[in-house]
Amino acid sequence: MLDSLFILIFIVAFVTTVLAYENKSVIYSMLSVTLWIIIMAQSLWITDVAGNSYTEYGVSAVCIAFIFVNIIMLIVYFMDWKYQVEMP
């Protein structure tokens with residue numbers, strides 16, 4: 001994956017994490033988890049413009065931390081949403 005695209009997806013994933021926290025949104029949280037999983041998978045094989053490839057285990061560890069945080073937020077927001085909606 002190109003470095004610029006990798007950085008762009010990283011920034012978008014971080015922004016969606018912040019939006020999920022501010023808006024308490026389940027959809028933003030799901031999108032953020034998906035983006036962090038994509039970044040984690042791509043960080044194991046990064047290819048730059050010159051064709052050099054390398055692995056980033058530190059980025060993969062940061063992604064796992066964000067994935068766990070977003071999954072916990074997703075569960076909390078879903079349970080909160082479940083009790084706020086009136087059941088027929």
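The values are calculated or read from the model by the stated rules, or taken from the named source; none is laboratory data. Quick caveat, the model's predicted, so the values are computed rather than measured. Virtual Cβ from ideal backbone geometry, glycine too; neighbours counted across all protein chains shown.
From the list PHE10, PHE6, the one residue that fits, being in contact with a strand residue (DSSP E or B) (Cβ under 8 Å, 6 or more places away or on another chain) and either among the polar types (S, T, N, Q) or not in a strand (DSSP E or B) (or both), is PHE6.
The one condition from (1) among the hydroxyl-bearing types (Ser, Thr, Tyr); (2) modelled with pLDDT of 85 or more; (3) out of contact with any Phe, Trp or Tyr (no Cβ under 6 Å at 6 or more places or on another chain) that THR16 does not meet is (3). Return a yes/no flag: does region 7-19 have any residue that is surrounded by fewer than 14 Cβ atoms within 10 Å (Cβ to Cβ) and among the polar types (S, T, N, Q). No: zero hits.
Applying the set (1) more than 16 Å from ILE11 (Cα to Cα); (2) part of a helix (DSSP H, G or I); (3) touching a residue at least 40 places away in the same chain (Cβ under 8 Å) to VAL33 leaves exactly one unmet item: (1). The set of residues in region 20-35 that are surrounded by 12 or more Cβ atoms within 10 Å (Cβ to Cβ) and of a type outside the set (Gly, Ala, Ser) comprises TYR21, ASN23, LYS24, VAL26, ILE27, TYR28, MET30, LEU31, VAL33, THR34, LEU35. Does region 45-63 include one or more residues that are surrounded by fewer than 12 Cβ atoms within 10 Å (Cβ to Cβ) and touching a Leu at 6+ places or on another chain (Cβ under 7 Å)? Yes: region 45-63 contains one or more residues that are surrounded by fewer than 12 Cβ atoms within 10 Å (Cβ to Cβ) and touching a Leu at 6+ places or on another chain (Cβ under 7 Å).
If I ask for residues that are hydroxyl-bearing (Ser, Thr, Tyr) and within 12 Å of the chain's Cα centre (by Cα), which ones from region 14-50 would you list? First the steps, then the outcome.
Restricting attention to region 14-50, the residues satisfying the condition of being hydroxyl-bearing (Ser, Thr, Tyr) are 16-17, 21, 25, 28-29, 32, 34, 43, 47.
Within region 14-50, THR16, THR17, TYR28, SER29, SER32, THR34 qualify.
Contact map, region 49-61: first residue free of Cβ contacts under 8 Å to residues at least 40 places away in the same chain and charged (D, E, K, R), second residue surrounded by 10 or more Cβ atoms within 10 Å (Cβ to Cβ) and part of a loop (DSSP other than H, G, I, E, B), Cβ cut-off under 7 Å, separation 6 or more or different chains; pairs are GLU56/SER43.
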